[in-house]
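See below for the structure under consideration.
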Amino acid sequence: MPSRPNHRRPLFAGFALALILPLGACGDSGTSEGNTEETAVPVAVAPVTRDRIAATYKGTATIESPNEATVVSKLAGVLQAIAVEEGQTVEAGTVLARLDDERLRLELDRARAQFQRLSKELERSEQLSRQKLLSPDERDRKRYEHAAAKADLELAELNLRESVIRAPIAGVVSAREAKVGNMVQPHQALFRITDLSALEARLHVPEREMRKLAVGQHAQLEIDTWPGERFVGRVLRLNPVVDAATGTVKVTLGLDNAAGKLRPGMFGRFRVEYDSRPDALLIPKDAVIIEDANAFVFVIEDGKARRRRITLGFSDPWHHEVLDGLAEGDEVVTIGRASLKDGAPAQIVETRGS
């Protein structure tokens, strides 16, 4: 990819000198009358160069996290303690909050005592059954009672465990919805955990453009929060179905957030590279004049500006590829072209890239 052009050097001194010299010559009274020679227009030029250029699809989208979990309470109870706050990083299994568990502990003690009592009764029933002193129906009834007591005990243990609310995934606490002392209900949202390590963006690409994109293609992202920085990604998925209502296809991009600067909800401008040419003829974008869907440039030849029609190919933020009409080394006007016409004299006061 060709490097971004440097900021232009000030041209005021060169342009002023180029304008003053012709004016001084016109002040000679012996030559002013009948002088029809045109004044040379001061211009800046840039050479036609060869470099790599890529064709890109441009779009906008909002960054999202594919791994995000809303943490809910599975039980009703009073929120006794909160262990984390928004912005805190947690691992899967980290304790987030605790419900008041006094009643749950009492229920567990009762279920354990009932299970132990029925375990002993079942043991005696089995002994009597082996001695033919207990009917099979009575023995089976004891077995069912014991199994039910075991299930009650396991349920009481589960309820006590679920009074401790834990993070289901690793990530950052992005929302806390409850306060200590609140009465919470089953399935009530308490926290949101967001994984920031792997982010995505979904572009909705017009149907006519979908043939340009494929899984694995590289992408670049620019966001206003970090001006001048570019973040990289790639095409993860292409939805195989065209949305009939909008005529678009959903394209999912995966984003590298190793630096941790991207956040879900940020709005970004994306460029997906779908083709490239390693040895293209390139000119600066500000050299091109577009008229009636045709492209033109001014080329300096023997001190004259020559208007030349060209055929454009790929474009990036700074360059156009030229398919026809120019050769490597030609000099195209980048500043001053608005004052030129075909065949007008021109004075080069700066050559960009030299």
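The values are calculated or read from the model by the stated rules, or taken from the named source; none is laboratory data. Keep in mind that what you see is a predicted model, and the values were worked out from it rather than measured. Here the Cβ positions follow ideal geometry from the backbone for every residue, glycine too, while neighbour counts run over all protein chains shown. Ligands, DNA and RNA are stripped out before the accessible areas are found, and what is left, the full protein with its side chains, is counted by its heavy atoms. Shrake-Rupley method; radii C 1.70, N 1.55, O 1.52, S 1.80 Å.
Brief remarks follow.
- Cross-link reach list, lysines versus Lys212, counting only Cα pairs under 24 Å and skipping chain neighbours closer than eight places: Lys58, Lys250, Lys285
- Counting Lys and Arg as +1 and Asp and Glu as -1 over every other residue whose Cβ lies under 13 Å from the Cβ of Ala346, the net charge comes to -1.
- Sparse-neighbour loop sites [GluC sites (Glu not before Pro); region 83-130; at most 11 other C-beta within 10 Å; DSSP]: Glu85, Glu86, Glu91
- The distance from the alpha carbon centre of region 58-75 to that of region 235-282 is 18 Å, rounded to a whole number.
- Using 0.36 nm per residue and subtracting the Cα-Cα separation, the extra length available between Thr49 and Ala83 on full extension is 6.1 nm.
- Å² per residue, accessible surface of region 281-354 at 1.4 Å: 47
- Cut-off 12 Å between beta-carbons: net charge of the residues surrounding Val249, Lys and Arg +1, Asp and Glu -1: +3
- Only protein atoms count toward the accessible area here, which uses a 1.4 Å probe; on region 201-354, the carbon and sulfur part of that area reaches 48 percent.
- Sorting the segments 40-48, 344-352 by their residues' average number of neighbouring beta-carbon atoms within 10 angstrom, most packed first, yields 40-48, 344-352.
- Dipole in debye (nearest 20) - region 260-354, about Cα centre, beta carbon charges: Lys, Arg +1; Asp, Glu -1: 520
- Cβ charges +1 (Lys, Arg) and -1 (Asp, Glu), total dipole of the chain, debye: 1560
- Working note: 222 nm ellipticity from helices only, DSSP H runs with n ≥ 4, each -39,500 (n - 2.57), summed and divided by the residues of the chain, gives -7000 deg cm²/dmol to the nearest 500.
- Of the listed residues Ser276, Ser339, the order by accessible area with a 1.4 Å probe, largest first, is Ser339, Ser276.
- A dipole drawn for the chain from +1 and -1 charges on Cβ atoms has a positive end, and of Val297, Leu199, Gln88 the residue lying farthest that way is Gln88.
- Placing unit charges on the Cβ atoms only, positive for Lys and Arg and negative for Asp and Glu, gives region 35-185 a dipole magnitude near 1020 debye about its Cα centre.
- As a fraction of the 1.4 Å probe accessible area of region 47-198, surface on carbon and sulfur atoms comes out at 48 percent.
- Of all the options Lys120, Lys250, Lys58, the one that moves most in a Gaussian network model of the chain with Cα springs shorter than 10 angstrom is Lys120.
- Stretched out straight at 0.36 nm per residue, the stretch from Asp279 to Leu312 would grow longer than its current Cα-Cα span by 10.4 nm.
- Between Glu91 and Glu64, the simple spin-label model (points 7 angstrom out along Cα→Cβ) gives 3.0 nm.
- Order of exposure, largest accessible area first, which applies to Asp324, Asp316, Asp275 with probe 1.4 Å: Asp324, Asp275, Asp316
- Accessible area of region 66-126 divided out per residue, in Å², using a probe of 1.4 angstrom: 63
- Residues whose placed amide H lies under 5 Å from that of Glu177, excluding near-sequence neighbours: Phe191
- Ordering Leu326, Ile283, Val242 by Cα displacement along the dipole of the chain toward the positive end leaves Val242 in first place; charges were set at the Cβ atoms of Lys, Arg (+1) and Asp, Glu (-1).
- [x] 21.0; [y] 21.7; [z] 28.0, with the label sought being that of the calculated Kirkwood radius over Cα pairs in Å: [z]
- Sparse packing (at most 15 other Cβ atoms within 10 Å of the Cβ) combined with a DSSP loop state is found for none of the chymotrypsin sites (Phe, Trp or Tyr not before Pro) in region 252-300.
- FRET efficiency estimate (nearest 0.05) - Cβ-Cβ, Arg263 to Val215, R0 30 angstrom: 0.75
- Once you reduce region 100-120 and region 319-337 to the center of their Cα atoms, the two points are 86 Å from each other.
- For the options Asn257, Asn67, Asn239, a Gaussian network treatment of the chain with springs between C-alpha atoms closer than 10 Å singles out Asn239 as fluctuating the most.
- Distant-in-sequence amide H partners of Ala61 (H built 1.01 Å from N, under 5 Å): Gly268, Phe270
- Sparse-neighbourhood loop sites, GluC sites (Glu not before Pro) in region 221-292 - DSSP loop, at most 13 other Cβ within 10 angstrom: Glu229
- Rounded FRET efficiency, nearest 0.05, which uses the C-beta distance separating Arg208 from Arg143 and R0 of 56 Å: 0.20
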